[in-house]
Amino acid sequence: MIVLGVDPGIASCGWAILETEKKINKLILKDCGVIITSPKASLGERLCILDKELKRIISGFNPTVAIIEEIFFAKNVKTAITVGHARGAIILTCSQMGLSICEFTPLQIKQAITGFGQATKDQVSYMLKNILKLKELPKDDNTTDAIATGICYINTSKY
């Protein structure tokens, strides 16, 4: 099974393609990255960039499911609304491309990766390196979050 993990954002949207074969307990990070949009572009232009780039990624790897981190912002309403716009565009694009959609909260993701829902980013990164048998992870936090989101689905689903 091939999955697309997404850490939604309007300025920086992390993504990761993971492939798994549960029968042989194999998990591979196929590719990952971040979609960057310019703050000078309009909201509509930025959402179009997300759409175009996600379609390119989906077409290249053919995942069957998109796993998207849910929004959790307690204080900054403006940021939550902007991320909400990005999430809507991401969900629409993935649905139009035929992917199933699954969502997890940051707490659920941390719990699935580390066993502790309040884990730090360093703790999550440590576990991701061990799970994927990597020496280093991408430097971008959004990309790392997208990887964790995808692994959360793989670890908790009964596909």
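The values are calculated or read from the model by the stated rules, or taken from the named source; none is laboratory data. Everything numeric in this text was worked out from a predicted model, so none of it was measured. FYI the Cβ positions are ideal-geometry reconstructions off the backbone, even for glycines, and counts take in every protein chain you see.
Structural remarks
- Check on Phe72, in contact with a helix residue (DSSP H, G or I) (Cβ under 7 Å, 6 or more places away or on another chain) and exposed (fewer than 12 other Cβ atoms within 10 Å of the Cβ): yes
- The one condition from (1) in contact with a strand residue (DSSP E or B) (Cβ under 8 Å, 6 or more places away or on another chain); (2) under 21 Å from Ala112 (Cα atoms) that Phe72 does not meet is (1).
- A single entry from Ser42, Ser59, Ser38, Ser12 fulfils the requirement of being closer than 16 Å to Asp141 by Cβ, among the polar types (S, T, N, Q) and modelled with pLDDT of 95 or more: Ser12.
- Look at the range 66-90: where a residue is more than 20 Å from Thr143 (Cβ to Cβ) and a partner is at pLDDT 90 or above, sitting 6+ places away or on another chain with Cβ atoms under 7 Å, you get His85/Ile10; His85/Leu43; His85/Leu47.
- Annotation for the range 52-66: at least one member residue is of a type in the set (D, E, K, R), surrounded by fewer than 22 Cβ atoms within 10 Å (Cβ to Cβ) and closer than 18 Å to Ser100 by Cβ.
- Reported count of residues in the range 30-59, each being part of a loop (DSSP other than H, G, I, E, B) and of a type in the set (Lys, Arg), is 1.
- Scanning the range 109-159 for residues that are at pLDDT below 95 and among the basic types (Lys, Arg) gives Lys121, Lys133, Lys135, Lys139, Lys158.
- Checked against the criteria, Leu27 does not count as assigned to a strand (DSSP E or B), within 17 Å of Gly150 (Cβ to Cβ) and under 14 Å from the mean Cα position of the chain (by Cα).
- Lys30 being surrounded by fewer than 18 Cβ atoms within 10 Å (Cβ to Cβ), touching a residue at least 12 places away in the same chain (Cβ under 8 Å) and within 30 Å of Lys133 (Cβ to Cβ): yes
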